[in-house]
Structure formats: structure tokens, C-alpha cells
Amino acid sequence: MPTTTAPTTTPILRGGEWLLQAADADHVFTPERLTEEHRLIGRTAQEFVDNEVLPALDQLEQKDWNLARTLVRRGADLGLLGVDVPEAYGGLALDKITSLVVSEKLARSASFGATFGAHANLTVVPIVLFGTEAQKKQYLPKLLSGELIGAYGLSESGSGSDALGARTRATRQADGSYLLNGEKMWITNGGFADLFVVFAKVDGEHFTAFLVERGFGVKSGKEEHKMGLHGSSTTPLIFQDVKVPAENVLGEVGKGHKVAFNVLNFARFKLGAMCGGGAQGAIAEAAKYAGTRRQFGQPIASFGAIKHKIGEMVVRQYAVESLLYRTAGLVDAQIASTPHDANDGSAALAAFEEYAVESSIAKVLGSEALNYVLDENIQIHGGNGYVKDYPAERHFRDARVNRIFEGTNEINRLLIPGMLVRRAVKGDLALIPAAKALQEELLGPPSFPEPDDAVLADERRAIDAFKKTALMVLGLGMQTFGQKLTDEQEVLMHAADILIDVFAAESAVLRAAAASAQTHPRAALQVDAARVFVNDAAMRIEASARQALAATVDGDTLRTMLAALRRLIKVTPINTAALRRRLADETVSRGAYPFA
Ligand SMILES: Cc1cc2nc3c(=O)[nH]c(=O)nc-3n(C[C@H](O)[C@H](O)[C@H](O)COP(=O)(O)OP(=O)(O)OC[C@H]3O[C@@H](n4cnc5c(N)ncnc54)[C@H](O)[C@@H]3O)c2cc1C
């Protein structure tokens with residue numbers, strides 16, 4: 001398969017810079033800009049899931065791990081495993097937009113998606129990014145063919161979010177090898193994987209990643225009895241004097257955090273993509289059911305309450321999808337603009353570090369939008385939603401873990417403003433001068449914008465105000481708490497919610513504007529979705545900002561800040577009921593998410 005590149009023509013916004021500048025719709029990657037090659041690999045993945053994975057789901061849920069292996073091999077035959085891998089090691093070296101498309105499609109089977117993700121994203125990718133030439137040659141071809149199955153052993157019973165608190169020990173031996181002792185918890189593919197990326201502390205101190213073959217002596221504990229994902233293996237891993245050769249250190253001794261955190265940046269982005277794919281499938285289920293289920297002599301899809309739910313599902317998914325494709329476009333553009341050897345993962349590594357904030361946003365909003373969609377899907381199914389005859393309850397149970405793994409949503413929320421503030425303090429992001437300029441602007445006389453009847457002009461103005469609100473909250477937080485801002489988690493959570501809404505709302509508006517400019521067939525519906533998202537984001541942002549400001553300052557300062565906030569957020573509510581109805585009607589008549 002030929003190599004593809006993202007057709008974005010820069011200037012490339014650096015990570016987080018969207019907060020400080022207006023973006024141009026022409027420079028944003030959107031699903032409408034997918035190439036024929038992207039669509040082709042998407043169709044391949046979709047047909048694989050429809051024809052081979054979904055029919056096997058019940059058997060996978062019976063813990064038939066041989067079948068899971070066979071399916072990974074089938075995915076390998078179709079080229080789905082090698083998307084992120086250089087050609088020299090048997091991969092396809094495709095762009096990250098392709099990665100996103102494949103992840104979206106595979107998500108229709110959440111259990112197999114987890115198996116695939118632990119293998120392709122959490123085992124293959126760390127080796128591509130950090131492996132030595134010998135490690136890449138030894139392991140990648142076998143992982144890409146599905147001959148070896150991978151797993152990622154970071155978490156322990158006492159250290160999940162606090163991953164660096166791991167107690168698994170690697171004791172250096174006289175011959176240079178290491179003896180691993182300890183236990184990992186909740187490891188996806190743990191019951192049948194052959195190769196593990198394992199994190200342990202060398203001599204109890206230096207956090208380090210290792211490539212550990214099962215044959216070295218790794219034992220699996222019992223399968224966990226989980227709420228969902230019954231078709232994916234989750235077990236503890238037990239290490240008792242497991243001897244690992246010196247050449248199986250992945251990265252450097254004492255630099256395991258680099259492996260763990262960088263891999264997570266990419267994995268979070270892909271998890272967001274999987275959540276988006278899951279939401280598309282569930283929206284189709286909800287629409288089909290609502291179109292056929294009759295009560296009071298009419299399809300339930302004719303009731304406004306149901307239209308609201310379906311319309312809102314579409315709006316949230318539209319925003320998630322818009323920010324995912326925008327981020328993938330940025331990552332690809334950054335990689336393309338960095339001179340690098342095709343076999344060297346360092347450009348991809350740097351790009352995912354650059355867009356770590358955006359990846360965390362994709363993970364948090366993707367998983368929470370999916371949760372909303374699946375919860376309302378059950379509600380639309382009524383009693384049928386609560387019983388196993390319909391897939392709605394399985395999807396709901398399967399998806400809950402998305403808010404827990406790959407960094408809980410709380411940890412990711414802390415990271416979003418935390419990383420921006422760190423970049424600002426280092427001088428990598430001009431957030432501090434922007435916050436000061438905003439302070440001066442707010443002390444000056446109010447400005448009255450020129451009337452503008454361009455499409456989405458009001459929404460663009462609203463987004464400008466949202467960005468200023470985020471700057472006000474972050475700037476005041478930094479000024480008031482200084483370095484102790486990290487202790488003010490409630491303020492940071494509100495700041496994260498605002499930042500998530502800013503990036504999502506802007507991504508949705510830019511995509512809808514681009515679709516309008518290109519007179520895309522469903523551009524008007526895209527504009528509807530973007531307008532609803534911005535309208536509701538205004539209310540959420542105002543509420544979050546009020547809470548954050550009141551937790552930061554009091555008295556006259558608080559009153560002044562609240563007056564400034566009122567001046568900033570002057571969004572006139574629109575009739576979202578009418579817009580959601582249009583979105584819902586189109587979704588029901590197509591029996592599918594309308595922008596797929
Ligand atoms: C099905 C499944 C598959 C998994 N697969 C893998 C895998 O393949 N490999 C792997 O290594 N791990 C895996 N995990 C583990 C997963 O990554 C962890 O469960 C997750 O990181 C959370 O850690 P924890 O469970 O210890 O929760 P804790 O860290 O104990 O968190 C409990 C709660 O406290 C909050 N919290 C924790 N610290 C803070 C803080 N500093 N500030 C604010 N709030 C905080 C959390 O957000 C959460 O709400 C899997 C888990 C599950 C359930």
C-alpha cells in the first residue's frame with residue numbers, strides 16, 4: 001500500500017497555540033478532506049470488523065483467546081497492524097490520519113478494540129519509538145504478522161495513576177542481565193500475550209522499561225471479572241526472578257517515564273478515536289431503533305424528547321470528530337515538516353509530545369461524549385436497552401472503562417491546564433503576555449464589533465470570548481496561587497473543562513465553515529451542529545468560570561472579575577430545539593450518524 005501524507009498546507013499551530021490565536025478553516029484537517037486512500041483503508045477495517053469480528057463477539061466473550069489471536073493475524077494480513085510502523089520493519093508507514101481512521105473503525109467491537117490497542121498502540125508503538133535497531137528487527141516483524149501478541153504492563157495494585165510509584169523491581173546481575181520481581185495488575189492481553197512492555201525499578205530506584213518475553217518466565221494471574229469488555233483478556237502478571245537480558249532494556253535505564261508518558265500521549269489520542277468510532281455506531285443503533293419502535297401510534301423518533309437526545313448525540317460526536325481530525329492533521333503536518341529518517345520514530349515522538357494537551361482533550365471529551373451517547377442509547381431502547389437481547393447494554397458496560405484507563409479523566413484534566421501553564425512558564429507558549437493584554441483590554445472601554453453576516457460569524461466571536469475566559473481563569477490562577485496552582489485541583493478541573501470546550505467548539509466551527517466554503521452536501525447540517533455546540537458551550541464555560549473565579553479570589557476582586565466575565569460572554573441563546581430536530585430527523589432517516 002502506498003505511503004500517504006496529510007494534505008494540510010500549514011502554517012502549523014504549535015500545541016496549545018489555538019488558545020492564543022484565531023485559526024483559519026483552510027488550514028484545518030477535517031474528515032471531509034480524507035483522501036481516497038484513507039477511505040479505502042477505513043473500508044477495509046470496517047468490513048473486517050463487520051464480517052469477522054462482530055460475528056465472533058460471543059465466542060470472544062467466552063474467553064476464546066485462540067480466536068483473539070486469529071483475529072489479530074487477520075488484522076495483520078489486512079495491513080491494519082503496521083500503519084504506524086516504518087516499512088523497513090514490515091510496516092506501512094502511513095500518516096496519523098490513517099491511524100485515526102483505523103482506530104475509529106475497530107472500535108465497533110470494543111473488546112477486540114482493546115486487544116488490538118494493547119498490541120498495536122501499547123506494544124508496537126513503544127518499540128517503534130524507543131527500540132534499538134536490534135530490538136526493532138527482532139520483534140516488530142513478528143508483532144506485525146500477529147505471530148507474537150503484545151501487552152503493556154505499567155499499572156500495579158498500589159500504583160495506577162501514580163505509575164512511577166511502581167514496586168516491581170529489576171535487580172542488576174553480574175552478567176548485566178536483570179531479575180524482575182513483582183506483580184502488575186489489570187493488564188490487557190495478559191492471559192495470552194507473548195511479549196510484554198514492562199516497567200520496573202532498577203535496584204528499586206531507576207524506573208525503566210523492559211521488553212519481556214513470556215518464555216523468560218512471566219506468569220499470568222486469573223482473568224478479572226469485569227463490568228464489560230468480556231471479550232478481552234485482563235489479568236495480573238506475576239514476575240518471580242524473571243531473567244531479562246541487558247539488551248532488552250527499552251530506552252534507557254532510569255528513563256522509563258519517557259517511554260510510559262510518550263506512549264500514553266499517542267495512545268490517548270487513539271482512544272479518543274476509538275470512542276468516536278463507538279459513538280458513531282451507537283448513534284446508528286439509536287436512530288434505527290427510534291425510527292421503528294412505535295408508541296402512542298407513532299415512531300418514538302417523532303417525539304421531541306427523543307429528537308433532543310439524538311440531535312445532542314450527533315452534536316457531541318461532531319465536536320469530538322472535528323477535534324480528532326484537526327489534531328491528527330496538526331501531528332502529521334508537524335512530522336512532515338521535521339526532517340527525519342523514515343525508520344526513525346523521533347519525529348512522531350516529538351509531534352505527540354507537542355500535541356499532548358490536544359491528545360488529553362481527545363481522550364476526555366471522546367470518552368465522556370461516548371458515555372452520553374451510550375447512556376441515551378439505552379434510554380431510547382427503554383426496557384430493551386436493559387436486557388442482553390440488544391447490544392445497547394453491552395456497549396454501555398464496555399465503554400465505562402474509557403474514562404479510567406490511559407490515565408483517568410481526572411489525571412488528564414489536571415494535565416490539560418498543567419501542561420499549558422508549564423509551557424507558559426518556560427516561555428514556550430505566550431500565555432502570560434496574552435493574559436496581561438487581556439487584563440488591560442478588560443479595564444478599557446468596551447468595544448462593539450462590526451456587524452458580520454458571514455456564516456458562523458457569531459460563533460467565531462463567541463469562541464474568541466471563550467478563549468479570553470480561559471485566559472482570565474488561568475492567568476488569575478497563576479497570579480494568585482503561583483506554583484501552588486497545582487494544589488488547586490478544583491480550579492484546574494474547571495479550567496480543563498473550559499479549555500476542552502474551547503478546542504472542541506473551535507474545531508467544530510472551523511470544520512463547518514470549511515464544509516460551507518466547499519459547498520459540501522451536508523454543510524448546512526454541519527453548521528447546525530457547530531451552532532448548537534457553541535451555544536451550549538457558552539453556558540458551560542460561564543458556569544465553570546464563575547466557579548473557578550470564586551475559588552481563586554473574593555471580595556471586590558471577585559466582583560470585578562465576574563463583571564469582566566459578563567462582558568466577555570454575551571452569547572445570545574439560539575433555538576437549539578429546532579436545530580437538534582433537523583439533526584435528529586436526518587440521522588433517523590439515514591439510520592446512521594449523518595457525517596460519516
Ligand atoms: C479493563 C482494564 C484494562 C486495563 N489495561 C491496562 C493495561 O493494559 N496496562 C496497564 O498498565 N494498565 C491497565 N489498566 C489499568 C489502568 O490504567 C488503571 O486502572 C488506571 O490508570 C487507574 O489507576 P487505578 O485503578 O490504580 O486508580 P487510582 O489511581 O487509584 O485512582 C482512583 C481515583 O482517584 C483519582 N486520582 C488518583 N490520583 C489522583 C490525583 N493525583 N489527583 C486527583 N485524582 C486522583 C483517579 O482519577 C480515580 O478517580 C487497565 C484497567 C482496566 C480496568
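General remarks:
- Counting only residues that are at pLDDT below 95 and assigned to a helix (DSSP H, G or I), segment 566-596 holds 3 of them.
- Every residue from segment 383-415 that is out of contact with any Phe, Trp or Tyr (no Cβ under 9 Å at 6 or more places or on another chain) and either more than 10 Å from the ligand (Cβ to nearest atom) or within 18 Å of THR292 (Cβ to Cβ) (or both): GLY383, TYR386, VAL387, LYS388, ASP389, PRO391, ARG394, HIS395, PHE396, ARG397, ALA399, LEU415
- Here segment 173-189 is the region considered, the condition is being of a type in the set (A, V, I, L, M, F, W, C) and either assigned to a helix (DSSP H, G or I) or within 13 Å of the ligand (Cβ to nearest atom) (or both), and the residue that is nearest to TRP65 (Cα to Cα) is ILE187.
- Residues considered: GLU247, GLU224. Of these, the only one that is touching a strand residue (DSSP E or B) at 6+ places or on another chain (Cβ under 7 Å), among the acidic types (Asp, Glu) and modelled with pLDDT of 95 or more is GLU224.
- Only a single criterion out of (1) more than 27 Å from the chain's Cα centre (by Cα); (2) within 27 Å of LEU144 (Cβ to Cβ); (3) not β-branched (Val, Ile, Thr) is not satisfied by LEU195, namely (1).
- Cβ pairs under 8 Å, 6+ apart, first in segment 585-596 and β-branched (Val, Ile, Thr), second assigned to a loop (DSSP other than H, G, I, E, B): THR587/TYR593; THR587/PRO594
- Of residues in segment 425-436 being part of a helix (DSSP H, G or I) and surrounded by 21 or more Cβ atoms within 10 Å (Cβ to Cβ), the one farthest from the ligand (Cβ to nearest atom): ALA435
- Any hit, segment 184-192, residues being surrounded by fewer than 24 Cβ atoms within 10 Å (Cβ to Cβ) and on the phi > 0 side of the Ramachandran plot: yes
- Selection status of SER177, in contact with an Asp or Glu (Cβ under 8 Å, 6 or more places away or on another chain) and in contact (Cβ under 8 Å) with a residue 12 or more places away in the chain: no
- Only listed residue being of a type in the set (A, V, I, L, M, F, W, C), crowded, with 16+ Cβ neighbours inside 10 Å and at pLDDT below 95, chosen from ALA151, ALA170, ALA200, ALA163: ALA163
- For segment 158-172, the set of residues classified as of a type in the set (Ser, Thr, Tyr), closer than 21 Å to ALA118 by Cβ and free of Cβ contacts under 8 Å to residues at least 60 places away in the same chain consists of SER159 only.
- Count of segment 145-169 residues which are hydroxyl-bearing (Ser, Thr, Tyr), near the ligand (Cβ under 8 Å from one of its atoms) and closer than 30 Å to LEU92 by Cβ: 1
- Consider segment 224-280 and keep the residues that are at positive phi and in contact with a helix residue (DSSP H, G or I) (Cβ under 9 Å, 6 or more places away or on another chain). The one that is surrounded by the most Cβ atoms within 10 Å (Cβ to Cβ) is LEU229.
- Segment 56-83 residues that are under 15 Å from ALA193 (Cβ atoms), paired with ones that are part of a loop (DSSP other than H, G, I, E, B) and of a type in the set (D, E, K, R) (beta carbon under 7 Å, 6 or more apart): LYS63/GLU223
- Scan of segment 498-557 for residues that are polar (S, T, N, Q) and not in a helix (DSSP H, G or I), ordered by number: GLN518, THR519, THR552
- Only one of LEU474, LEU525 that is buried (at least 21 other Cβ atoms within 10 Å of the Cβ) and more than 30 Å from ASN575 (Cα to Cα): LEU474
- In this structure, TYR372 qualifies as among the aromatic types (Phe, Trp, Tyr), surrounded by fewer than 19 Cβ atoms within 10 Å (Cβ to Cβ) and either in contact with a helix residue (DSSP H, G or I) (Cβ under 7 Å, 6 or more places away or on another chain) or closer than 17 Å to ILE97 by Cα (or both).
- Candidate set from segment 353-382 (those that are within 16 Å of the ligand (Cβ to nearest atom) and among the charged types (D, E, K, R)); member that is nearest to the chain's Cα centre (by Cα): LYS363
- Long-range neighbours under 8 Å by Cβ, at least six apart or interchain, first residue over 28 Å from MET185 (Cβ atoms) within segment 125-152, second at pLDDT 95 or above and among the acidic types (Asp, Glu): THR132/GLU247; ALA134/GLU247
- Filter result (surrounded by 15 or more Cβ atoms within 10 Å (Cβ to Cβ) and acidic (Asp, Glu)) within segment 546-596: ASP585, GLU586
Quick grid of which residues meet (1) within 18 Å of VAL212 (Cβ to Cβ); (2) assigned to a helix (DSSP H, G or I); (3) more than 12 Å from the ligand (Cβ to nearest atom):
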{"position": "PHE112", "(1), (2), (3)": "no, yes, yes"}
{"position": "GLY117", "(1), (2), (3)": "no, yes, no"}
{"position": "ALA120", "(1), (2), (3)": "no, yes, yes"}
{"position": "ILE127", "(1), (2), (3)": "yes, yes, yes"}
{"position": "THR171", "(1), (2), (3)": "yes, no, yes"}
{"position": "GLY191", "(1), (2), (3)": "yes, no, no"}
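The values are calculated or read from the model by the stated rules, or taken from the named source; none is laboratory data. Here the structure is a predicted model, which means the values were calculated and not measured. Neighbour counts run over all protein chains shown; Cβ positions are idealised from the backbone, glycine included.
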